Amino acid sequence: MKNQYKLITEKCYSSIINLDCLKINGFHFKPSNNIKYNGITVTKMTLVNYSFVEKVLKRKIKKRLEVYLRFIMTLVDDNDDTDITDLRAALNDLTRYKETIRYKYQKYLDKKYLSLLLKKIELLEHELKTKIYYYKEPDDLIVESHRRR
């Protein structure tokens, strides 16, 4: 199946325009719509209008940032159950997400919103880094050596 679509205007078949989905400049994404339609399955969408792209990205970023915030707060607040590998994995994932925003979404977002968003992510990273820096091993796992004379 090719990635070409036909656009028919005003029910006049003489003006058929072939569209190549890969050559259209815009934001490509996979929709997460779970509603079933008869005969239509959408696997990939391209938004061309920058105002729509900005709204979709802001909503997507807001949801993902709330998930990170909740997860990091549970890691930081739980002193007994946290493990150093969980903290490092969360820091790596957050850093990867920051780089995705910086390089993939930068051309679609305002500079002011982007700088504010990156500051929020850097605050979360700072919290994780301080938690990793001051991490203390649980007393159960520390084996002390005793000196003999």
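Which number in (1) surrounded by 13 or more Cβ atoms within 10 Å (Cβ to Cβ); (2) under 11 Å from the mean Cα position of the chain (by Cα) marks the one condition that K62 misses? Failing condition for K62: (1). Scanning the range 100-122 for residues that are more than 18 Å from the chain's Cα centre (by Cα) and either part of a loop (DSSP other than H, G, I, E, B) or modelled with pLDDT under 90 (or both) turns up nothing. Look at (1) under 18 Å from K129 (Cα atoms); (2) over 19 Å from the mean Cα position of the chain (by Cα) and you find that V48 fails only one, number (1). Scanning the range 47-85 for residues that are farther than 21 Å from K119 by Cβ, among the aliphatic types (A, V, I, L, M) and in a helix (DSSP H, G or I) yields V53, V56, I84. Restricting attention to the range 65-85, the residues that are acidic (D, E) and either touching a residue at least 40 places away in the same chain (Cβ under 8 Å) or surrounded by 16 or more Cβ atoms within 10 Å (Cβ to Cβ) (or both) total 1. Considering only the range 86-99, I want to know if a residue exists there that is more than 19 Å from the chain's Cα centre (by Cα), part of a helix (DSSP H, G or I) and touching a residue at least 12 places away in the same chain (Cβ under 8 Å). No - not one qualifying residue is present in the range 86-99.
Okay, residues lined up against (1) surrounded by 16 or more Cβ atoms within 10 Å (Cβ to Cβ); (2) closer than 15 Å to I61 by Cα; (3) of a type in the set (S, T, Y):
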site: A89; (1), (2), (3): no, no, no
site: K98; (1), (2), (3): yes, yes, no
site: L123; (1), (2), (3): no, no, no
site: Y134; (1), (2), (3): no, no, yes
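The values are calculated or read from the model by the stated rules, or taken from the named source; none is laboratory data. Keep in mind that this is a model prediction, so the values were computed, not measured. Please note: Cβ atoms are built from the backbone with ideal geometry, for glycine as well, and neighbour counts cover all protein chains shown.
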